[in-house]
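Presented below is the structure to which this report refers.
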Amino acid sequence: MPPLRVGNMSGFYGDRFSAMREMLDGGELDVLTGDYLAELTMLILGRDRMKNAELGYAKTFLRQLEDCLALALEKNVTIVANAGGVNPAGLADAVRELAGRLGLSPEVAHVEGDDLIARVGELDIPADAGFPVTANAYLGAFGIARCLDAGADIVVTGRVTDASVIVGPAISHFGWGRHDLDALAGATVAGHVIECGTQATGGNYAFFNRGEIADPVAPGFPIAEISSDGTSVITKHPGTGGAVTVGTVTSQLLYEVTGARYGG
């Protein structure tokens, strides 16, 4: 079975707006992913939801789709993103509404279950800490995989582990189960390399002055070519800035390490 070619277009809420089109125009992809969430982002989106219960998701993702949804469907590229924030169902509805306005009919799915705000009383929060704006548990990749198994063209989630937007498509594509630990571990490493966007292509490289980085101002977004055993090749579209080297990839892996354990 040929490798699954997964590109990433976002490492944070506010990343390069043109990245979705750059990745779709730049070369062949099977899946395009995006990571939009961080603790600060959850606070921002939580406050959005407090003002308007229909919001709480990354609105820039929706604007990117307005420009690129037809192209993604034409090129048969599946899109998976955690842009749902604290309202993944709301974002899925907004994507469907957008698609209808564009005369398109993608299959849209969302993953939920991370939002614990209704159960906040069960959490061990100090009495003087105040009431949280958001309370979310990290979900994994298998919910994403089930959406893709059901035929989804676009999957949006709330809080999932950062690598899950990459691991989920690999689970679905290769048919991995929960006991395929080596394959899952390999895909998790690939996911963590590319989910922070251009950090893996020189954007977070301490040795940028060594001459390895062709264009440090606008590095290309990374791609993981994931094989059925979970191993991967990290690359990027030809002609894009930055670089993929042992140094840039190792730097990103070191960034992801928490203490003596690999963060998941």
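I need the calculated FRET efficiency for the pair Leu116 and Ala206, taking r as the beta carbon distance and R₀ as 41 Å, to the nearest 0.05.
Numbers: r = 37 Å, r/R0 = 0.91.
Efficiency at R0 = 41 Å is approximately 0.65.
Classify the chain: rounded, prolate or oblate, from the alpha-carbon gyration tensor (a ≥ b ≥ c, eigenvalue square roots; a/c under 1.5 rounded; otherwise prolate if a/b is larger than b/c)?
Values: a/c = 1.42, a/b = 1.22, b/c = 1.16.
It comes out rounded by the Cα gyration axes.
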Estimated distance in nm for a label pair at Glu39 and Ala127, the labels positioned 7 Å out from Cα along Cα-to-Cβ: 2.5 nm
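Please report, as a whole percent, how much of the solvent-accessible surface of the chain comes from carbon and sulfur atoms (probe radius 1.4 Å). All intermediate terms of the calculation are to be shown ahead of the outcome.
Working: 6610 of 12230 Å².
Ligands and nucleic acids excluded, carbon and sulfur give 54 percent.
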Please work out whether segment 117-256 counts as rounded, prolate or oblate from its C-alpha gyration tensor, where a ≥ b ≥ c are the square roots of the eigenvalues and a/c under 1.5 means rounded, while otherwise a/b larger than b/c means prolate and anything else oblate? oblate
Within the under-14-Å Cβ sphere about Lys59, not counting Lys59, Lys/Arg +1 and Asp/Glu -1 give a net charge of -3
Please report the relative contact order for segment 149-264, taking Cα pairs under 8 Å with a sequence separation of at least 6, and give it as a percent rounded to a whole number. 26 percent
Over segment 1-66, equivalent-ellipsoid semi-axes from the Cα gyration tensor in Å: 27, 12, 10
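So what is the accessible area of the chain per residue, in Å², with the probe set to 1.4 Å? Before the final figure, lay out each step's value.
On the way: 12230 Å² over 264 residues.
I get 46 Å² per residue for the chain.
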Give me the base-10 log of I(q)/I(0) for segment 189-264 at each q in 0.13, 0.17, 0.19, 0.24 Å⁻¹, Debye formula, one uniform scatterer per Cα, rounded to two decimals. -0.36, -0.59, -0.73, -1.06
Whole-angstrom gap from segment 82-137 to segment 1-35, using each part's C-alpha centre: 22 Å
Over segment 84-235, what is the relative contact order in percent, taking alpha-carbon pairs closer than 8 angstrom and at least six residues apart? 19 percent
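Tell me what the chain gives for mean residue ellipticity at 222 nm when only DSSP H runs of n ≥ 4 count, each as -39,500 (n - 2.57), the sum divided by the residue total, rounded to 500 deg cm²/dmol.
Numbers: 8 runs with 95 residues, N = 264.
Helix-only estimate at 222 nm: -11000 deg cm²/dmol.
The values are calculated or read from the model by the stated rules, or taken from the named source; none is laboratory data. Keep in mind that this is a model prediction, so the values were computed, not measured. Heads up, the Cβs are rebuilt from the backbone with ideal geometry, glycines too, and the neighbour counts pull from every protein chain shown. Quick note on the areas: whole protein, heavy atoms, side chains included, nothing else; ligands and nucleic acids left out. Shrake-Rupley method; radii C 1.70, N 1.55, O 1.52, S 1.80 Å.
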